[in-house]
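Bear in mind that the values in this text are calculations on the coordinates, not laboratory data. Every value quoted in this text rests on a predicted model; they were computed, and no experiment measured them. With ideal geometry, Cβ positions are generated from the backbone for all residues, glycine too; neighbour counts draw on all protein chains shown.
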Amino acid sequence: MRYLPHTQADIAEMLAAVGAESLDALFEQIPENSRRTRAFDLPEAMSEWELAEHLQALANAGGGDWQVFVHAGSQPHHIPVLVPYLASRSEFLTSYTPYQPEISQGTLQAIFEFQTLISRLVGMDITNASMYDGSTAMAEAALMAMRITKRRVVAVSGLVHPHWREVLATYLAPLADVELVTLPAGPDGRTDLSGLDGEPAVLIMQSPNFLGVIEDLRAAGVAVKALGGLLAAGFSEPFALGLIKSPGEQGADIVFGDAQSLGLAQEFGGPSLGLLSCKTEYVRQIPGRLVGRAKDIDGKEGFVLTLATREQHIRRSRAVSNICSNAGHCALTCAMFMAAIGGSGFRQTAQVNLDLAAYLRSGLEKLGFRPFSAAPVFNEFVMYAPDNYGAVYERLKSLKILAGLPLKLWAEALPGISLERAWLFGVTETSSKTQIDALLHEIGKGA
Amino acid sequence: MTRKFTPAGTGGLVLEEKLLWEKGRKGRSAMSLVKSEVPVTALPEEICGNGPDWPDLSEQEVARHYTRLSTWNFGVDTGMYPLGSCTMKYNPKINEAMAALPGFAKAHPLLPAEACQGSMRLIYELERFLAEIVGLKAASLQPAAGAHGELCGMLMIAAWHRNNEKSGAPRKTKVLIPDTAHGTNPATATMSGFTEVKVPLGPKGYIELAQIERLMQDDVAGLMVTNPNTLGLFEQELADIIAMVHERGGLVYADGANLNAVMGYVDLGRMGVDVVHYNLHKTMSTPHGGGGPGAGPVAVSATLEPFLPGPRVIKNGDRYEWQTDLPLSIGRLHSFHGQFGVAVKAYSYILSMGQDLKKASALAVLNANYIKEKLKGAFDLPFDQPCMHECVFTDAKQRANKVSTLDIAKRLIDLGYHPPTVYFPLVVNSAIMVEPTETESKEDLDAFIAAMLEVAREAEETPETLHAAPTLTKVRRMDETTAARKPVLTGDMKVEGKQ
């Protein structure tokens, strides 16, 4: 086995050095009642070539060859070869968490730059070194807000991604006296804030929301702050922030998000990259790693992991979270992507997304689709489909095209909205006008 | 004895590199940008912003920036990384290529099942492999990292108790955690709504039945235990302890951080463990990435299977389907299906190893014992007995010369090694925890041993060398106190930026 370097002679020599008769003898300390008595029921070991063939066969049926006009938290965007190429440098990839700053300055500076660029994107003072994904970042934002306000009511918009709300509910379930309140959708596809009352620790909003609609975060902030709570605002499509005001500009206290769009492959949903940012005053309550500037004993500038007294390895049961390994390499990759696309390129690409979505929307309207609402959207939107669309949709699937997400399957998670004929569409700069025209042509052919 | 020591590295050229925003010029780009072919539209003015003021760089500027940064890092591919509890084994390159196959990489997580049978099959099979390797019933790939797997396990235990309370079982509010545990264990207990009851380390280096029996009261939900424990010792009485915990209505969570020691040798199902988490980024060879992404799947007994997070992949004939009707499930823990890309790498590793997984554990234990034997003369070994995959020394023999564990660690850097884990486990004063892993060859171990002996010699003869270390790195010892007192966590692009 090529990963195991020991020759028989090595093993014999080393066993002699430790005074054991055999490899199995090294395990004599394991009591009989704890031992495994049978071999693994696993496939026979494969050579590199057999493995590649087997995995290629699985990948051929993996789903990556479908044309998907759906986002719902996972977006296709162009990733320049430069980014995975640089990210695969094993000095980055095969290192541990940078606890030894003297030999980790590469990771540390890159994460400091990541924290800075994301803070500029979302309009917050500080950003941590990453969370697992958008859903867990949001759950931690709720826990953080409860610690800050010392309150136990979490209000969440019913237009936050249903999966993210499920994760939030999973995180809150074991905690005593915590109440989770879900605000319904209004008729325009924005959150109906009128029911917000009592003493919420936090109001959690997503913009653009699950229906693609850009929320009025300023109004949400005013509403929750009047009740003494915080606004936690998030997103699953960071490209929207190339064109719209950042959550920070609109009054958010905590920002969470998922940055898969920024340089990460969709990879069947993971690993992704959770973002968590906040105002400076809440820094002692933010979970996860933080990289800060520092000087060495000669006065030379560098970086270290800092404020570790919040964390589990120091504070143990009183830590702000148990998070340890996060999505460090995804954050590094994201930083590389942000460096590659640049501020100008990001804004230009965001505009292309907006334009292509408008183009697809108007094309669908010509085929008898009706917009769900007139509220502004970015690159994702809901349309009411003509009667026969279900059959058309199935026919397109046979061509490996996923032309929208049928929201009637999500009705339970999105109460109060008529979803029977509603479909969620998404499009990015990875689709050309020609491809959108071809999609519209196929839809126009009918079932 | 005369010994000539040759360090693994020499002082080399260390290049400086600016911050990103100190480079570039507005209007550059390192990426082909898509031009609009359709009519330009606009959002309502009141919601429009300016976009982020990120710097604009050329492709070469970006390439050089990150290449220079990478040279300041140390990875497993750079040199030996004997970081205890972290299992920094070799990360096979074929696994990276498999995860990057477009069939996986471009797959949308909400594809209909008929579109992604290959991806679903991989999840299904890897869950079965993981359960089989530890001898448990079922597994879930949803947890995103080790601590997330712990959370998953403890949420399941909490949910199981809540379910039992419906039929009159007493309310469980506490959980037993040995002092040797990683900090994640008590932090996880808190997040799961439990209070920690500390189990002090016994004189033998492992927890004892009588001790747990005393603590296992009516309000205790169960035990969180790392086995082998963080001293590198196998928990001798654990099977009996588990039986007793079960008898008293509790469940046992096993922290899988140290599974690399015992694959093929231990049967967690036979021992009665209810849930264990894997660190795929330790045991199953996926790269740590400088802080993730990891993956923390859990494997469970039949007792906890109904409580696994959902949805789950099931096999119906030769079709893979999503099972969503899971009334006892703790619910969802991840936006989609877990760290799929990491799972592809772990699946590739398991298929490459097969029965050799057992040999991997055997060689990991051999390597640790070999280091322990060779270094126990020069360094204090608080528990002198056969170890599992890691061994714990202290600086007790060096303290007389005012040389500390930290000095030893920092000097190893100059000699070309990543330091071992230091000052953990907390129960050992000034611990130095060495985990070589099975992928280090005998020559590499001998070279590391020689480096450690050299450090021990220097501690006696030239302790100032250790106090000053490291000296060959990009930066020397950092002032972490000031960094924490006056934290600067964000660059001031306005002041430093050149654009």
(request) Over every pair of different alpha-carbon atoms in the protein assembly as shown, take the mean of 1/r and invert it; report that Kirkwood radius in Å. (result) 28.4
(request) Work out the P(r) tail for the stretch A:1-154: percent of alpha carbon pairs separated by more than 19 Å, whole number. (result) 80
(request) List the extent of the Cα atoms of chain B along each of their three principal axes, largest first, rounded to whole Å. (result) 80, 69, 45
(message) Given 20 °C and 1.002 mPa s, compute D for the stretch A:65-131 with the Stokes-Einstein relation, Rh being the Kirkwood radius over Cα pairs; round to the nearest whole µm²/s.
(response) 146
(request) Take the Cα pairs of the stretch B:97-353, get the Kirkwood Rh, then feed it into Stokes-Einstein at 4 °C and 1.567 mPa s and tell me D in µm²/s. (result) 70
(request) Of the DSSP beta bridges with both residues in chain B, give the percent that are antiparallel, rounding to the nearest 5. (result) 55
(message) When 1/r is averaged over all different Cα pairs and the result inverted, which Kirkwood radius in Å belongs to the stretch B:216-268?
(response) 11.8
(request) Kindly state, as a whole number, the per residue volume in cubic angstrom of the convex hull around the alpha carbon atoms of the stretch A:82-337. (result) 129
(message) Using a Debye calculation, one point per C-alpha and no hydration shell, please list log10 I(q)/I(0) for the stretch B:357-483 at q = 0.16 Å⁻¹ in order.
(response) -0.78
(request) Take the stretch A:65-188, drop everything but the C-alpha atoms, weight them equally and run the Debye formula without solvent; then report log10 I(q)/I(0) at 0.12, 0.21, 0.22 Å⁻¹ to two decimals. (result) -0.71, -1.27, -1.30
(message) Output wanted: per-residue J couplings in Hz (rounded whole) for the stretch B:471-481, from phi through Karplus 6.51 cos²θ - 1.76 cosθ + 1.60, θ = phi - 60°, x for Gly and Pro.
(response) 10, 9, 8, 4, 10, 9, 4, 9, 7, 6, 5
(request) Take chain A, compute every pairwise Cα distance, and split them into 10 Å bins from 0; I just need the percent in each bin. (result) 4, 18, 25, 23, 16, 8, 4, 1, 0
(message) So if I take the centroid of the Cα atoms in the stretch B:337-354 and the same for the stretch B:27-52, what is the distance between those two points in Å?
(response) 39
(request) Starting with the fewest neighbours, write out A:His71, A:His54 ranked by other beta-carbon atoms found within 10 Å of each beta-carbon. (result) A:His54, A:His71
(request) Using only C-alpha positions, report the orientation-averaged shadow area of the convex hull of the stretch B:253-365, nm², one decimal. (result) 8.5
(message) As a footprinting exposure proxy, order B:Arg248, A:Arg152, A:Arg316 by other Cβ within 10 Å, with the fewest listed first.
(response) B:Arg248, A:Arg152, A:Arg316
(request) Can you list which of the trypsin sites (Lys or Arg not before Pro) found in the stretch A:399-439 are DSSP loop residues with at most 13 other C-beta atoms within 10 Å? (result) A:Lys400
(request) Filter the DSSP H helices in chain B by two things, a Kyte-Doolittle mean of at least 1.6 and an axial alpha-carbon span of 30 angstrom or more, and list the hits by number. (result) none
(request) Amide H neighbours of A:Val68 under 5 Å, at least 5 residues apart or on other chains, H built in the peptide plane: list them. (result) A:Leu402
(message) To make sure I understand, if each residue's beta carbon is the centre and we count other beta carbons within 10 Å, what order do A:Met336, B:Met216 fall in, fewest to most?
(response) B:Met216, A:Met336
